[in-house]
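**Student:** Pasting a structure below so you can have a look.
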Amino acid sequence: MSNAKPAHQHEYERKQHREEMKHQVISFVMMIIFTFVAFGMVMFEVNSFFIIPTLILLAVVQVAFQLYYFMHMKNKGHDMPALMMYGGAAVALLTIITFTTLIWW
């Protein structure tokens, strides 16, 4: 009994792996560009009312790239880890909002 896969299935898997690697390289390059943009904005002392939201947005996008492409959260079978991570992020955000509200008022 052989574990050999049919040729069409093998070719399909190679194509899938190639596509996944392409997405990972593109997201890696974009994260490097975002990092250079963030450093450039800080180095050239861009207006702080513009720089802070922009840095936060770039950070959120980089976290999304990390989760979906490098930690494979987009793949099947990662529903429970995704639920736990998003639940933890929601609790952390609510905690920050709560303490910020208590401190300001």
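The values are calculated or read from the model by the stated rules, or taken from the named source; none is laboratory data. Please read all numbers here as calculations on a predicted model, not as lab measurements. As a convention, Cβ positions derive from the backbone with ideal geometry for all residues, glycine included, and neighbour counts pool all protein chains shown.
**Student:** Can you find a residue in the stretch 83-100 that is outside any helix (DSSP H, G or I) and either exposed (fewer than 12 other Cβ atoms within 10 Å of the Cβ) or at negative phi (or both)? Spell out the reasoning first.
**Tutor:** The initial filter retains those residues of the stretch 83-100 that are outside any helix (DSSP H, G or I), namely none.
For the stretch 83-100, residues outside any helix (DSSP H, G or I) and either exposed (fewer than 12 other Cβ atoms within 10 Å of the Cβ) or at negative phi (or both): absent.
**Student:** State the number of residues belonging to the stretch 1-46 that are touching a residue at least 12 places away in the same chain (Cβ under 8 Å) and farther than 17 Å from Ala59 by Cβ.
**Tutor:** 2
**Student:** Picking from Val37, Val29, which residue would you name as being surrounded by 12 or more Cβ atoms within 10 Å (Cβ to Cβ), in a helix (DSSP H, G or I), at pLDDT 90 or above and of a type in the set (Val, Ile, Thr)? Full working, then the answer.
**Tutor:** Values: Val29 fails: surrounded by 12 or more Cβ atoms within 10 Å (Cβ to Cβ).
Selected residue: Val37, the only one of Val37, Val29 that is surrounded by 12 or more Cβ atoms within 10 Å (Cβ to Cβ), in a helix (DSSP H, G or I), at pLDDT 90 or above and of a type in the set (Val, Ile, Thr).
**Student:** Quick one: which of Leu67, Leu83, Leu55 is modelled with pLDDT of 90 or more and out of contact with any Cys (no Cβ under 6 Å at 6 or more places or on another chain)? Steps first, please.
**Tutor:** Values: Leu67 fails: modelled with pLDDT of 90 or more; Leu83 fails: modelled with pLDDT of 90 or more.
Exactly one residue qualifies, and that residue is Leu55.
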